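Enquirer: The structure that follows is given in the form of C-alpha cells.
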Amino acid sequence: MDDLLEEFIAETRDTLELLSVQLIQWERSPNDRNLVDSVFRFVHTVKGSCGFLDLPRLLRLSHAAEDLLSAARDGQVAATPSLVSAVLAVIDKIADITNALESGAPVFDNDEQLIAALLAFLPQQSVLQAQQFTQTGVQEFSDSFTSGNIVEPKNRSVRVSLQLLDTLMSGVSDMVLARNEVSRQMRKHETNTELDHAFVKLSSSVAEIRDAIGLMRMQPIERLFSSLPRLMRDICHELGKEIELTITGSEVDVDREMVEALRDPLSHILRNAADHGIEIAANRIASGKPAMGRISISARQSGNQILIEVCDDGSGINLERLHAKAIASGHYDEQSWSQLASADKLATIFLPGISTAQSVSAISGRGVGMDIVRTNLQSVGGTIDIDNMPGKGLTLTMRLPLTLSIIAGLSVRAGDQIFGVARSSVVEILSVKNANVEIEDVAGKKIANVRGRRLPYGNIEDVLNIPHVSSDTSRILIIINPAVGAQFALEVAAVLDNEELVIKPGAPLVMGTGLYSGTSLPDNGRPMLLLDASGLAHEIGADAHTATFGNSLVSDAVADERDDQASAILFVAMDGEKRAIRLASIDRLEDVEAANIKFVGGKLRANIDGELTEIFDLVHVPEIGFVHMLRLTDGENCKYLAVQAVLDVFCMSKEITASAFPQLHEGIIHVDGEPTELLNVFQFFEMQDSHIVQNEQRPLCFIACNPNDHWERNILEPLLAASGYQVSFDENDRAMAQVVIGRDDDSPDIVQKDDRILRLRHESFVSRDKLPSIYRYDRIGLISAIEDKLSGVR
C-alpha cells in the first residue's frame, strides 16, 4: 500500500499543475467541451484512487468537484470566474493534502466551506444528492486523516528517486574524469592502433552514458511554466487588469535543479510586469494600445544554453524614476550617475532596494524582487539582459547553462597554475597584441579599450595574487560576461584547452573567497579551480554600480553603432590564407583527434561520440595529434571547418565587395587594411537534409517498366532511394503512388495518361514531336521534376 500511495502522490502532483492551466483555459473558453472533460476525468480518477487507498478527505473534496464538473458537462452550469475560482480552491486543497501525505505534516483546517462553495453553483436537485454524500461519514472521517493517514516521509520520486539520479550523475562525472586521465596517459606514452580504437569506443560509451544520465535529470520546462497562467490570473484579479499571457517553448528540457532555481525569478518578473509594467486600460487606450495588456514567455535552446525571454507591451522602465531611486538609495551620486551608459543605468534595477514602482502593493514595489532574480540566476551560473523600450515595453532575456554538473569550459594559465572558466560566460578571446586592443590608464586605473569600447580590466595574476612567470608568447585577453556585474576584460597568460569540465564542490575556505565556483580535473590530470565570473567582476571593480570608468567613456551613439555591426572570426585556412567567417555561424572551437577522422562515404568525417560530422578543407589527415576545427551550425545541423589557427574576433565593416564566386564567398571585406575573403556559410549546408523520415512517411514513386529492364532496377531505383523516396515496381502500388515514372517511348499499356506521370528519355536533347520529358541522366532535373509533381505542379 505504501508503494501505491507513493505512486498516487507522484502522479497527482504532476497532473495538478496541468489541471490549473486547463481550468483557466476553460474560463476563457466556456464552450470547450474537451477542457471540462479533461478536468472531470482527472477528478474522477482521484476520487476512485482515494476510495481504494482510504483517503476520506480527498474522497469528499474530489467528489464535490466531480458533481460540479458533471453538471458543467451536462450544460446545467456555465464556467464563470467565480465558479472556476471555487474549483481552483478545491484543487489547491487537494495539492496541500497530497503534499502532507508525503511529508507527514497534518492539515487541520476544515473543508466544509470549500465544498459548500462548490455546491452553491449546482441546481437544487443536484445539491441535495451531493449533500447526502458529503454528510455521510463526516463525523467518522473528520479527524481520520490527522490520526490514521499520515505516512512516514519518503524520497520524492518520479520513476526513480532523485537521490539515485544524483548518485548516477556523480558516478558518470567520475567516469568522465577517469576517461580524461586515460587520455592524458595515452598522449604521454606510445600507443598502438588497437588501443586507440579501444579508447575511442570507451570514450563513445562514456559519452552515451553521460548523455543518458543527463537526460534523466532533465525535465520539460513546462513544469515551471504550467503554474504561471494561474499566477497571472490571480494577479489580474487583484489588480483589476486584463492581461493575455502567451507561453511558447514548453517542450524545452532543462536540468531539474534549474526548474526550482527559476521558479522565484519568473514569478517576480511576472508580478513586476503585470503590476507596474502593464498600464491600466484607460492609459493604454489613451496611448494607442489595446486595453488588454500582453505578456509573452518563450524558451529555447541555443547551443549549450537555455534562453528564456519575458516580453511585455507595457510602459518599460522609466529611467528618470530609476535615476531618482538610485540617488535616494545612496548607490550613486549625481556625478557618477551621469557617467553611466544606458545599459549600466538599466542594470541598477537589480540592486537591493531599487524599484520604479510609485507605491508599494501586495504584488510588488519593495525593491527586493529583481535582486532575488539576480541572486537566483547567479547561483546557477546564469545571466540576464534587459532590452528597454520606453512607452512600448520591456524584454528580459535569461541565459542559463544547459546542465549544472558537466559544463563546457576553457582552461587558462595564470603564472605557472591552471584555472578553468565556464565557456558560457566568455564573449570573445583576443591577443593583447591585437591592433584592436589597447590597455589604457585612466585616473590611475587600467582599462581595456577593445575596438573603441572601454571595459574594466584585470590581470589574472594580480587578481589571484599569483607570481608572474615570464613567457615569450603573447598574452591573451578574455572578454567575460558575468551573471552579476558588467562585462570586463581578463588578461591571462594563455588559453590552453577547450573541453568538458566536471564540477566538484571546493573546500569551504577556498570557496569563501568568492573567486571560485568549484574544482575540476581536466585532461592534463592536474586538479584545477574553476573561476567564478561574478566574483572576479567584484574583485576587479566591474560591479554594475562601480564600473563607472568603463562604458561611460564611450558615447551611447557609438555603442549603438557598434551593436549594429556583425562580428566575424579571422582565421588561417589550411592552405595558409587568411579568411573570415561570420561569428554567428560558429558553435564553438574544437580540437578533434586525428584518430577520430575517417574517410567514409566519399567524404572526410569526424566520429565524435558515435556521430559522423562532415569536415571541410582538410586535405591531409595527420597520423597522430589533433586538428583545429571551427564547428559550424545552421541551428539544426553541424559541420566542421578545418583551420590552422584562429587569429581574432572583430566587428565587420558594412562595406562588402562582391566576389566573383558568390557561392563560395559572401564578398571581400577589409581586416586591418588587408582584403579578406568572407566565406559563404550556405555552401557547407546546401545539400544537408536534417530530417530523418520514416519509410512509411516517404513519398512513393512507382516505376513502370518491364521485369527485365536493367537500367530502371539497377540505376534509377538506388538513385531515388538515396534521395529519400520509396520505390515500387509492383503494379498494385501504382494507385497509391504520388509519382509514376516511365520511359517516353513506352507503350500505352505501360504508361497511361496520368497527371502523376514523369517521362524519362534516352537522348540529352528534346524532340519536338514527343511529350515533355526529362533526360534520364539529369539527376538534378529528375529530382526537381519529382518535387514539382509532389507539390502539384504539372
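The values are calculated or read from the model by the stated rules, or taken from the named source; none is laboratory data. All of these numbers come straight from a predicted model, not from anything done at the bench. Every residue, glycine as well, gets a Cβ built from its backbone with ideal geometry; the counts of neighbours run over all protein chains shown. Just so you know, the surface numbers come from the protein's heavy atoms only, side chains and all, with ligands and any DNA or RNA stripped out. Shrake-Rupley method; radii C 1.70, N 1.55, O 1.52, S 1.80 Å.
Enquirer: Among the numbered conditions (1) over 20 Å from Ile757 (Cβ atoms); (2) open to solvent by less than 70 Å² (accessible area, probe 1.4 Å), tell me where Glu686 comes up short.
Expert: Of the numbered conditions (1) over 20 Å from Ile757 (Cβ atoms); (2) open to solvent by less than 70 Å² (accessible area, probe 1.4 Å), the odd one out for Glu686 is (2).
Enquirer: Then there is this: Name the helices (runs of 4 or more DSSP H) wholly inside the stretch 42-145 in which the number of residues that are among the small types (Gly, Ala, Ser), at pLDDT 80 or above and open to solvent by less than 20 Å² (accessible area, probe 1.4 Å) is 1 or more. Let's see the steps before the verdict.
Expert: Values: elements: 56-73, 81-103, 112-119, 124-135, 138-141.
So the answer is 56-73, 81-103.
Enquirer: Now for a different question. Search the stretch 608-633 for residues being in contact (Cβ under 8 Å) with a residue 40 or more places away in the chain and open to solvent by 60 Å² or more (accessible area, probe 1.4 Å), and hand back the single one that is nearest to Thr193 (Cα to Cα).
Expert: Asp609
Enquirer: Of everything in the stretch 638-656, what is of a type outside the set (A, V, I, L, M) and open to solvent by 20 Å² or more (accessible area, probe 1.4 Å)? Give them in sequence order. Write out each step before concluding.
Expert: Step one: list which residues in the stretch 638-656 are of a type outside the set (A, V, I, L, M), which gives 638-640, 644, 648, 650-651, 653-655.
Cys638, Gln644, Cys651, Ser653, Lys654, Glu655 - these are the residues of the stretch 638-656 that are of a type outside the set (A, V, I, L, M) and open to solvent by 20 Å² or more (accessible area, probe 1.4 Å).
Enquirer: Considering only residues of the stretch 510-524 that are modelled with pLDDT of 70 or more and farther than 23 Å from Ser203 by Cβ, which is most open to solvent (accessible area, probe 1.4 Å)? Walk me through how you get there before you give the answer.
Expert: We begin by selecting, within the stretch 510-524, every residue modelled with pLDDT of 70 or more; these are 510, 513-520.
Filter again for farther than 23 Å from Ser203 by Cβ, leaving 510, 513-518.
Values: Val510: 47, Thr513: 79, Gly514: 33, Leu515: 19, Tyr516: 35, Ser517: 53, Gly518: 0 Å².
Taking the candidates together, the pick is Thr513.
Enquirer: As an exercise: evaluate Leu490 against (1) touching a helix residue (DSSP H, G or I) at 6+ places or on another chain (Cβ under 9 Å); (2) over 19 Å from Thr513 (Cα atoms); (3) not basic (Lys, Arg) and give the number of the one condition it does not meet.
Expert: (2)
Enquirer: Kindly provide the set of residues from the stretch 284-302 that are part of a helix (DSSP H, G or I) and either crowded, with 20+ Cβ neighbours inside 10 Å or touching a residue at least 24 places away in the same chain (Cβ under 8 Å) (or both), ordered by number.
Expert: So the first thing to find is which residues in the stretch 284-302 are part of a helix (DSSP H, G or I), and the list is 284-286.
Arg284 - this is the single residue of the stretch 284-302 that is part of a helix (DSSP H, G or I) and either crowded, with 20+ Cβ neighbours inside 10 Å or touching a residue at least 24 places away in the same chain (Cβ under 8 Å) (or both).
Enquirer: Now a separate question. Exactly one of these conditions fails for Ala328: (1) open to solvent by less than 50 Å² (accessible area, probe 1.4 Å); (2) over 25 Å from Ala422 (Cβ atoms). Give me its number.
Expert: (1)
Enquirer: Among Thr248, Thr167, which is over 23 Å from Glu11 (Cβ atoms), at pLDDT 80 or above and loosely packed, with under 14 Cβ neighbours inside 10 Å? Show your work before the answer.
Expert: On the way: Thr167 fails: at pLDDT 80 or above.
That would be Thr248, the only listed residue that is over 23 Å from Glu11 (Cβ atoms), at pLDDT 80 or above and loosely packed, with under 14 Cβ neighbours inside 10 Å.
Enquirer: Could you please find all residues in the stretch 594-608 being part of a strand (DSSP E or B) and modelled with pLDDT of 85 or more? Steps first, answer last, please.
Expert: Applying the first criterion (part of a strand (DSSP E or B)) to the stretch 594-608 yields 597-600, 603-608.
Ile597, Lys598, Phe599, Leu604, Arg605, Ala606, Asn607, listed by residue number.
Enquirer: Just checking: which of the strands (runs of 3 or more DSSP E) contained wholly in the stretch 392-503 hold 1 or more residues that are under 30 Å from Asn283 (Cα atoms) and at pLDDT 80 or above?
Expert: Values: elements: 393-401, 406-414, 417-422, 426-431, 437-442, 445-450, 453-459, 476-480, 488-492, 494-502.
Strands (runs of 3 or more DSSP E) meeting the threshold: 393-401.
Enquirer: Then there's this: Can you name the residue in the stretch 659-710 that is under 36 Å from the mean Cα position of the chain (by Cα), part of a loop (DSSP other than H, G, I, E, B) and among the aliphatic types (A, V, I, L, M) and is also modelled with the lowest pLDDT among such residues?
Expert: Only one residue fits best here, namely Ile692.
Enquirer: Next question. Within the set of pairs 6+ apart or on separate chains, which have a first residue in the stretch 245-269 that is among the basic types (Lys, Arg), a second that is part of a strand (DSSP E or B) and at pLDDT 80 or above, and C-beta atoms under 6 Å apart?
Expert: none
Enquirer: A follow-up question, please. Among what's in the stretch 283-332 and is touching a strand residue (DSSP E or B) at 6+ places or on another chain (Cβ under 9 Å) and of a type in the set (D, E, K, R), pick the residue that is nearest to Pro265 (Cα to Cα).
Expert: Glu309
Enquirer: Within the stretch 225-243, is even one residue within 21 Å of the chain's Cα centre (by Cα) and free of Cβ contacts under 8 Å to residues at least 40 places away in the same chain?
Expert: no
Enquirer: Further question: What number of residues within the stretch 252-283 satisfy the criterion of being assigned to a loop (DSSP other than H, G, I, E, B) and surrounded by fewer than 18 Cβ atoms within 10 Å (Cβ to Cβ)?
Expert: 1
Enquirer: Scanning the stretch 178-231 for residues that are of a type in the set (Val, Ile, Thr) and assigned to a helix (DSSP H, G or I), which turns out surrounded by the fewest Cβ atoms within 10 Å (Cβ to Cβ)?
Expert: The first filter runs over the stretch 178-231 and keeps only residues of a type in the set (Val, Ile, Thr), leaving 182, 191, 193, 200, 206, 209, 213, 221.
Still in the list and also assigned to a helix (DSSP H, G or I): 182, 193, 200, 206, 209, 213.
Details: Val182: 15, Thr193: 8, Val200: 17, Val206: 18, Ile209: 15, Ile213: 20.
Only one residue fits best here, namely Thr193.
Enquirer: If you don't mind, there's one more thing I want to ask. Are any residues in the stretch 642-669 within 28 Å of Pro622 (Cα to Cα) and charged (D, E, K, R), and if so, which ones?
Expert: Asp648
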